[in-house]
Amino acid sequence: MSKYSILGALTLACISIPALAQNSAQPTAAAASPSDMGMRMADTATVKLKYVTVKPADVMSSKLLGTTVYNNKNENVGEVEDLVIENGKTITGVVVSVGGFLGMGERYVVLDPSTLAISNKDGKWAVHADTDKDTLKNAPKFEYSKKKI
């Protein structure tokens, strides 16, 4: 994989997650198959278990979490903290911690995954963004919900 693999690897790795559970309290479209639904919030699973094959181009979230984010000048501009998964199957955001020093003053922003590239050079993962520290400093702040779900 080249150092600046454009969007493809992240998109391929994150496009779908297998359906593991369906909330029986929610109506489902008759035409929707279980693989179209994604994971659901529920106390029990109602969809028959299926297995998937991980492809060589797939990237595990565990490899991305904690990964350094670099800009095009190869400056460290943040770190991947979390992934936003919409409807239990599509990654719609990458939560990145920016700013601060030794954990003080850092804040979170959510970046569109289609604007990022990932690389794996000699076993070292990295995320690349066409940005600078000032742009991220002025980006809309993201705050984790304090509510228990």
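Just a few scattered comments:
- Under 13 Å, Cβ to Cβ, from Thr131 - net charge with Lys/Arg +1 and Asp/Glu -1: -2
- In loop segments of the stretch 73-149 as defined by DSSP, the chymotrypsin sites (Phe, Trp or Tyr not before Pro) with at most 16 further C-beta atoms inside 10 Å of their C-beta are Tyr144.
- Qualifying lysines (Cα of each under 24 Å from Cα of Lys141; at least 8 residues distant if same chain): Lys73, Lys133
- Violating pairs (Cα-Cα greater than 20 angstrom) within the set Lys89/Lys121; Lys89/Lys124; Lys48/Lys89: Lys89/Lys121; Lys89/Lys124
- Dipole magnitude of the stretch 54-95 about its Cα centre (Cβ charges: Lys, Arg +1; Asp, Glu -1), debye to nearest 20: 200
- Shown in residue order for the stretch 75-84 are the 3J(HN,Hα) couplings computed by the Karplus curve 6.51 cos²θ - 1.76 cosθ + 1.60 at θ = phi - 60°: 8, 6, 10, x, 9, 5, 9, 6, 10, 9 Hz (x for Gly and Pro).
Readers should treat all values here as calculations from the given coordinates under stated rules, not as data from a laboratory. Here the structure is a predicted model, which means the values were calculated and not measured. Glycine also receives a Cβ, built like all others from the backbone with ideal geometry; neighbour counts cover every protein chain displayed.
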